[in-house]
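The values are calculated or read from the model by the stated rules, or taken from the named source; none is laboratory data. Quick caveat, the model's predicted, so the values are computed rather than measured. Methodologically, a virtual Cβ is constructed for each residue, glycine included, from the backbone with ideal geometry; neighbour enumeration extends over all protein chains shown. The accessibility values were calculated without ligands, DNA or RNA, using every heavy atom of the protein model including side chains. Shrake-Rupley method; radii C 1.70, N 1.55, O 1.52, S 1.80 Å.
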Amino acid sequence: MRQLQTILVLMTLVNPSFRALEQLPSATTFAGLCRAAAEVEIQKAPEKAEMFVTTSHLYKRHLAKYFCEGSASSSPRADSLIALELGVYHGHTTAVLAAIFKKIISVDIEKEYLEIAAKHCDGHANVVFLHMDLMADDWGLFASNRVNVAIIDANHHYEHVRADAQNALRHLPQLQYLVFDDYNEDGVALAVDELEHADVLVECEAIGHGWNGSLWEFWDWDPASGQQFRRWTNRSEGKICKRGPGAEGTHLRPSFADRRFFLYRQPLTHLCQAGVVRFLPNGTLLTSAWDSGRWTVDSRPGRDVLMVHLPGMLMEPMELFFNFGRTAFYLSRRGSLEADWFGIGDHLVHRPFQFASNLF
């Protein structure tokens, strides 16, 4: 403890930018030591103005304050918590998390980002990096880890943010906190607001730029053209929320909802899909080739089955049987032992092409 205090004093003398350390609680307390260790990593990281895709120093400090000091007197100490970070980029936020929590599991779909992040976190032995596609791979990978905190900062499209939050709540029973970055972006805000409204997330606190409702400027970009431009907003940069009572099943949107599935006639004779289907949360089934229909959940225990009524395809009721991850299914006449159709998530169809393209 004395060694850390000496280091902090020397750092403050050498570099005036480390004066932020003087605002921290006493380094003789856990909160003080925790926030001081986080501040060391914050000072190494670029500001958001320099690298717009990273979190701001203010975001990182609010994160450290929340967990190091505890959101309530009964909150567990941060050094007893395991955090799952979804979306790593260059690992500047990862290093701060490593200074706060007991263990970090950091996940990204880009191997290059994981390699860069690993270099930035070289001094932390409590970080594990995993290459994973969150929309395609099995979240059961995390089942043996007692994950308490999920930091959601991967794909910012609404469907991905909502799926990441719901998968975390569904597969991580010990999860207590969810942290969101880029709440200022429309897709993130819509997903978080919906989950708050349903009491899936509760006691949310704004962090980072705009935490007090003030206007701030950030870089945005158009994915179609790739052009960057500046925007003003009074939404906060991020939010920290607690798991709410609505997370216990009934308010969670099904994992297959609002996702596109390609449908193939069985037996498969060629790779051209016959149509596309999308299951809306309200029980509507949208299709590209058979008009619309309805779906309901088979309530019999031990069956992950939907009852499908799609007159444009077949006047008779049909049964839909999901695989374990609900990423693919068989569709057949009710009571039939043979599948008439095979459905698979569009992200899985595209994945081999993306993988092959990355090898060029």
Under unit Cβ charges (Lys, Arg +1; Asp, Glu -1), what dipole magnitude, rounded to 20 debye, does the chain have relative to its Cα centre?
660 debye
Going Cα to Cα from residue 48, which aspartates and glutamates come in below 14 Å? Please leave out same-chain ones fewer than 8 positions away.
181, 182, 217, 220, 237
Residue separation times 0.36 nm, minus the C-alpha to C-alpha distance between residue 112 and residue 324: what's the value?
73.3 nm
Tell me which residues come under 5 Å, amide H to amide H, from residue 238 once H is placed; ignore anything under 5 positions away on its chain.
183, 207
Estimated dipole of the stretch 171-236 in Debye, rounded to 20 [Cβ of Lys and Arg +1, of Asp and Glu -1, Cα centre]
220 debye
So what's the stretch 178-330 giving for Cα Rg divided by 2.2 N^0.38 Å, two decimals?
1.37
With everything on Cα atoms, drop me the angle between helix 158-171 and the longest principal axis of the chain, reported from 0 to 90° to the nearest 10.
80 degrees
Compute the long axis of helix 186-197 from its Cα atoms, compare it with the longest principal axis of the Cα atoms of the chain, and write down the angle in degrees, 0 to 90, nearest 10.
80 degrees
Partnerless Cys - the chain, beta-carbon criterion under 4.7 Å
121, 272
Roughly to the nearest percent, how much of the accessible area of the stretch 260-360 is carbon and sulfur, given a 1.4 Å probe?
59 percent
So what's the back-of-envelope 222 nm ellipticity for the chain, counting only DSSP H runs of four-plus at -39500 (n - 2.57) apiece and dividing by all residues, rounded to 500?
-8500 deg cm²/dmol
What does DSSP give for the chain in terms of the percent of beta bridges that are antiparallel, rounded to the nearest 5?
70 percent
Candidate aspartates and glutamates for bridging to residue 102, where Cα separation is under 14 Å - those fewer than 8 sequence places away on the same chain excluded:
79, 85
For every other residue with a beta carbon closer than 10 angstrom to the beta carbon of residue 324, add +1 if it is Lys or Arg and -1 if Asp or Glu, then tell me the sum.
-1
If amide H atoms are modeled at 1.01 Å from N in the peptide plane, then the residues at a separation of 5 or more from residue 130, or on another chain, having amide H under 5 Å from its own are 106, 107, 108
Please list, in order along the stretch 308-316, the HN-Hα scalar couplings obtained from phi with the Karplus expression 6.51 cos²θ - 1.76 cosθ + 1.60 (θ = phi - 60°), rounded to whole Hz, x for Gly and Pro.
10, 10, 9, x, x, 9, 7, 6, 6
